[in-house]
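Q: Handing you this structure, nothing more for now.
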Amino acid sequence: MSIQFLEMPDEKGYFGEYGGQIIPPPLVEIMNQINDAYEEIKNTKKFQDELYDLQINYVGRPSPIYHAKRLSEKVGGAQIHFKREDLNHTGAHKINHCIGEALLAKHMGKTRVLAETGAGQHGVALATACALVGIDCEIHMGEIDIKKEHPNVTKMKILGCNLVPVTRGTKTLKDAVDSAFEEYLKDPVNSLYAIGSVVGPHPFPKMVRDFQSVVGKEARQQFQDKHGQLPDILMACVGGGSNAIGLFTAFLEDEEVQMIGVEPAGKGLDTPDHAATLTKGSKGAIHGFECYNLQDEKGNPLPVYSIASGLDYPGVGPQHCYLKDIERVQYVTADDKECLDAFMELSRMEGIIPALESAHAIAHAMKIAKDMPKDKHILVNLSGRGDKDADYVAEYLSL
Ligand SMILES: *Cc1c(COP(=O)(O)O)cnc(C)c1O
């Protein structure tokens, strides 16, 4: 296989047949300006130095790789390792692309950064990055998520962002995206829509991937240094797909490294209550790009669900769709129960409380590790910490 993954997407933003800019012509122009500005600054020393300094001294990179010995022993097979994105400032991988987006907005002379948030992680990360860079921030969030993710809501307010509750439709992530996008369309010249994952119109899937790829770059070097080899399997949860693509990108050309993305099966794939887009979806357009979608016959997005708010999105990053079709990455699912079991197991075996999102990847790692030899290595992207979920889980399990 000699596919030049990093040369993707093409100049129109396509990864194979996915991605692109399914948006009105005036907006295409705006997106192309963002792309031009990004391409112009990304390789300049000034931008790279500024980003690198913030990654090291503000985010706390590089995040460590931790060998979960007790968990691996209990599972009784392959060795399980974690890339500790939960240890980043603000507690998840999202800060990686938020700082990039805020710096870009400032460079372009924008006065406001706008976004949606699901679990509140993107909102907190973006509000943080905007405070850091010194630019106004407006976050749209579904009412249901506001109730569920109270600590993150409070943090966003403290960080000085304008929080807009979204009361329409499902009152969760999908409608928050629609609401934020409408607001953006009112003044796209002075605002930057900072998308929270590798989704949306070109250039966002590319830009967010590039900003997240620091995760895999570090991990590849760290694992090689420590173990003298690459991991056998990479594992990451997939909502929009940013933490997964961030880990995978540096390894895509390593044919011997297997990669698995884990989607939320919610209450079961045979119920409507899941968000397993790559597993159960079909091709279509959503939020300005083409990808696999969970949609009805008319092409409208279906309501989706996961116990992890950050994973309940009816679309998915275009590069993942491509990687699925060419079979470079395998996509599987874990349901709510498996997620909760993994959440408790990691907490009690290792003293690490994971985000419910990340717990989907941990669940699948535990599932396959037990049937693998002890000298095999699985590296899981521990995309975030579970502080935000602790109260919810304790109540759910009547702890
Ligand atoms: C938002 C979030 C995710 C899901 O987003 P991706 O773009 O699929 O990575 C996963 N884990 C955590 C901790 C998150 O906050």
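The values are calculated or read from the model by the stated rules, or taken from the named source; none is laboratory data. These numbers were taken from a predicted model, which means no experiment stands behind them. Note that we place each Cβ from the backbone using ideal geometry, even for glycine, and neighbour counts take in every protein chain shown. Accessible surface is based on the protein model in full, side chains and every heavy atom, while ligands, DNA and RNA are left aside. Shrake-Rupley method; radii C 1.70, N 1.55, O 1.52, S 1.80 Å.
Q: Using the Cα centre as the reference, give the magnitude of the dipole from point charges on the C-beta atoms of the chain (Lys, Arg: +1; Asp, Glu: -1; all else neutral), rounded to the nearest 20 debye.
A: It works out to roughly 800 debye.
Q: Tell me the relative contact order for the range 195-332 as a rounded percent, counting alpha carbon contacts under 8 Å between residues six or more apart.
A: Result for the range 195-332 is 25 percent.
Q: Amide H neighbours of G266 under 5 Å, at least 5 residues apart or on other chains, H built in the peptide plane: list them.
A: Under 5 Å from the amide H of G266: A275, I307, D336.
Q: Provide the per-residue ³J(HN,Hα) series for the range 20-25, in order, calculated from phi with Karplus coefficients 6.51, -1.76, 1.60 and θ = phi - 60°, each as a whole number of Hz, with x at glycine and proline positions.
A: Residue by residue, the range 20-25 yields x, 9, 8, 9, x, x Hz.
Q: Follow-up question, since we're still on this one. In debye, nearest 20, what is the charge dipole magnitude of the range 86-202 about its Cα centre with +1 on Lys and Arg Cβ and -1 on Asp and Glu Cβ, if you could check?
A: 160 debye
Q: Related question: For a test of the definition: using alpha carbon positions, the gyration tensor, and the 1.5 limit on a/c, classify the range 127-183 as rounded, prolate or oblate.
A: Taking the square roots of the gyration eigenvalues as a ≥ b ≥ c, the range 127-183 is oblate.
Q: While we're on this one: Once you order the gyration tensor axes a ≥ b ≥ c over the Cα atoms, which shape class does the range 64-176 get: rounded for a/c under 1.5, otherwise prolate or oblate by comparing a/b with b/c?
A: oblate
Q: Further question on the same structure: Please list, in order along the range 152-164, the HN-Hα scalar couplings obtained from phi with the Karplus expression 6.51 cos²θ - 1.76 cosθ + 1.60 (θ = phi - 60°), rounded to whole Hz, x for Gly and Pro.
A: 5, 4, 4, 4, 4, 5, 4, 6, x, 8, 8, 9, 10
Q: Another question about this same structure. For every helix of n ≥ 4 consecutive DSSP H residues, a contribution of -39,500 (n - 2.57) applies; sum these over the chain, divide by its total residues, and give [θ] at 222 nm rounded to the nearest 500 deg cm²/dmol.
A: The per-residue figure over the chain is -13000 deg cm²/dmol.
Q: For R328, what accessible surface area do you get with a 1.4 Å probe? Give it in Å², rounded to 10.
A: Its heavy atoms expose roughly 20 Å² to the probe.
Q: Next question, about the same structure. Taking the Cα centre of each part, how many Å lie between the range 139-211 and the range 278-318?
A: Between the Cα centres of the range 139-211 and the range 278-318 lies a distance of 17 Å.
Q: Can you run phi through the Karplus equation (6.51, -1.76, 1.60; θ = phi - 60°) for the range 168-185 and list ³J(HN,Hα) in whole Hz, with x for Gly and Pro?
A: Working through the residues one at a time gives 7, x, 7, 6, 10, 3, 4, 6, 5, 4, 4, 5, 5, 5, 4, 4, 4, 5 Hz.
Q: Quick check: with the 1.4 Å probe, what order do Y184, Y396 take by accessible area, largest first?
A: Y396, Y184
Q: Sticking with this structure for a sec: With the cut-off at 1.5 for a/c, could you classify the chain from its C-alpha gyration tensor as rounded, prolate or oblate?
A: Rounded, because the longest to shortest axis ratio a/c is under 1.5.
Q: Name the long-range amide H neighbours of T333: under 5 Å, sequence gap of 5 or more, or other chain; modelled H, no Pro or chain starts.
A: E263
Q: Which far-off residues, 5 or more places away or on another chain, put their amide H under 5 Å from the one on L163, with H placed in the peptide plane?
A: I139
Q: Just the accessible area per residue of the chain, please: how many Å² with a 1.4 Å probe?
A: I get 39 Å² per residue for this part.
Q: Of the heavy-atom accessible surface of the range 156-290 (probe 1.4 angstrom), what whole percent is carbon and sulfur?
A: Roughly 49 percent, rounded to a whole number.
Q: Give me the angle, in degrees from 0 to 90, between the Cα long axis of helix 121-133 and the longest principal axis of the Cα atoms of the chain, rounded to the nearest 10.
A: It is inclined by approximately 60 degrees.
Q: Sticking with this structure for a sec: Students often get this wrong, so check it: of K69/K226; K217/K376; K42/K206; K148/K388; K69/K376, which have C-alpha atoms separated by over 19 Å?
A: K217/K376
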